[in-house]
1. Considering only residues that are in contact with a helix residue (DSSP H, G or I) (Cβ under 7 Å, 6 or more places away or on another chain) and under 30 Å from LEU189 (Cα atoms), which ones fall in the stretch 16-32?
2. Name the residues in the stretch 195-214 that are surrounded by fewer than 16 Cβ atoms within 10 Å (Cβ to Cβ) and among the basic types (Lys, Arg), would you?
3. Looking at the stretch 110-123 only, could you name the residues that are in contact with a strand residue (DSSP E or B) (Cβ under 8 Å, 6 or more places away or on another chain), at negative phi and either surrounded by fewer than 17 Cβ atoms within 10 Å (Cβ to Cβ) or hydroxyl-bearing (Ser, Thr, Tyr) (or both)?
4. When you go through (1) touching a strand residue (DSSP E or B) at 6+ places or on another chain (Cβ under 6 Å); (2) in contact (Cβ under 8 Å) with a residue 24 or more places away in the chain; (3) not hydroxyl-bearing (Ser, Thr, Tyr) one by one for GLU76, which number turns out not to apply?
5. For the stretch 161-171, name all the residues that are in contact (Cβ under 8 Å) with a residue 40 or more places away in the chain and surrounded by fewer than 18 Cβ atoms within 10 Å (Cβ to Cβ).
6. Please enumerate the residues belonging to the stretch 46-66 that are farther than 23 Å from PRO161 by Cα, buried (at least 19 other Cβ atoms within 10 Å of the Cβ) and not β-branched (Val, Ile, Thr).
7. Looking at (1) of a type in the set (Gly, Ala, Ser); (2) over 14 Å from GLN20 (Cα atoms); (3) crowded, with 19+ Cβ neighbours inside 10 Å, find the lone condition where ALA82 falls short.
8. Looking at VAL36, VAL11, VAL69 in this structure, which one is buried (at least 24 other Cβ atoms within 10 Å of the Cβ) and in contact (Cβ under 8 Å) with a residue 24 or more places away in the chain?
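Bear in mind that the values in this text are calculations on the coordinates, not laboratory data. The model shown is predicted, which means the values in this text are computed figures rather than measured ones. Neighbour counts are summed over all protein chains in view; Cβ atoms, including those assigned to glycine, are modelled from backbone coordinates with ideal geometry.
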Amino acid sequence: MSDERVTLDEVRRFGLRIAQPADGYRFSLDALLLAVFVTAPEKGRIVDLGTGCGVIALVLCSRFAGVSVVGIENNEAMAACARENASRNGLTDRIDALFADVVTAKSLFPVSSFDGVVANPPFRTPISGRVSPKAGRDTARHESTAGIADFLSVAKYLVKPSGRIGFVYHPDRLAEFIHCAAGLNLALLRLRMVHGSLDAPARIFLAELAKGRRGATAVLPPLIVHGSDGDYTPEVFRILGMDAGRVGEIR
């Protein structure tokens, strides 16, 4: 990332320092919420589909001392950034980032290679949403080579039977997400809606699925990001660390 301006940001709860482009795609609160929402084995191997700067991989390695993470990222500069962040935080032995597209992942690994999968895929179809003038943001926000069905199919292929799959996605596409998951025989185990404020519609949802399992879906209480004073709610402050400050808004 030597050819562009970068910032060095902190996720204080986990003692992480993360470099990312000053003007390109930057991680936002949704990535941190997913990284805290998902469950993982105490020891195991996780794959992060669309790892970006590696923030989810970094948090997972901080939460679970025995896991390692392989990130897959189709932006070469961001894949390099993720590897640099692993080194910066002393996690090169547990985190790697591959420059590859999600649609090629089945050719990179044998079936059922991972104990868990996480994904923060682009929320919007190619013809929806505003176009960003900043390089790198559109490919992170808008589907390009892979859509939600591709991400789910790859997640099912890569995860071991009964392994957990964590997604963060946009509620406008919840029905599509559930339909695609059901078509792949992925069980939706947990679902949580995230609202910007108490009286606002949901802005994202967090979902946990499993391959080779059946069971009812646990719909968790909603997560409210901002209180009536406009500041983060106590739960979000706990997720970030009480003095973590603002790390970005839900996109």
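1. Going residue by residue through the stretch 16-32, those that are in contact with a helix residue (DSSP H, G or I) (Cβ under 7 Å, 6 or more places away or on another chain) are 16-20, 24-25, 27, 31-32.
Hits for the stretch 16-32 are LEU16, PHE27, ALA31, LEU32.
2. ARG213, ARG214
3. Restricting attention to the stretch 110-123, the residues satisfying the condition of being in contact with a strand residue (DSSP E or B) (Cβ under 8 Å, 6 or more places away or on another chain) are 112-123.
The next check asks that each one be at negative phi; those that pass are 113-123.
Across the stretch 110-123, the qualifying residue is only SER113.
4. Among (1) touching a strand residue (DSSP E or B) at 6+ places or on another chain (Cβ under 6 Å); (2) in contact (Cβ under 8 Å) with a residue 24 or more places away in the chain; (3) not hydroxyl-bearing (Ser, Thr, Tyr), the lone unmet condition for GLU76 is (2).
5. Taking the stretch 161-171 as the starting set, the residues that turn out to be in contact (Cβ under 8 Å) with a residue 40 or more places away in the chain are 161-170.
Passing the criteria: PRO161, SER162.
6. Correct list: GLY52, CYS53, GLY54, LEU58.
7. Result: ALA82 passes all but (2).
8. Values: VAL36 fails: buried (at least 24 other Cβ atoms within 10 Å of the Cβ); VAL11 fails: buried (at least 24 other Cβ atoms within 10 Å of the Cβ).
The match here is VAL69.
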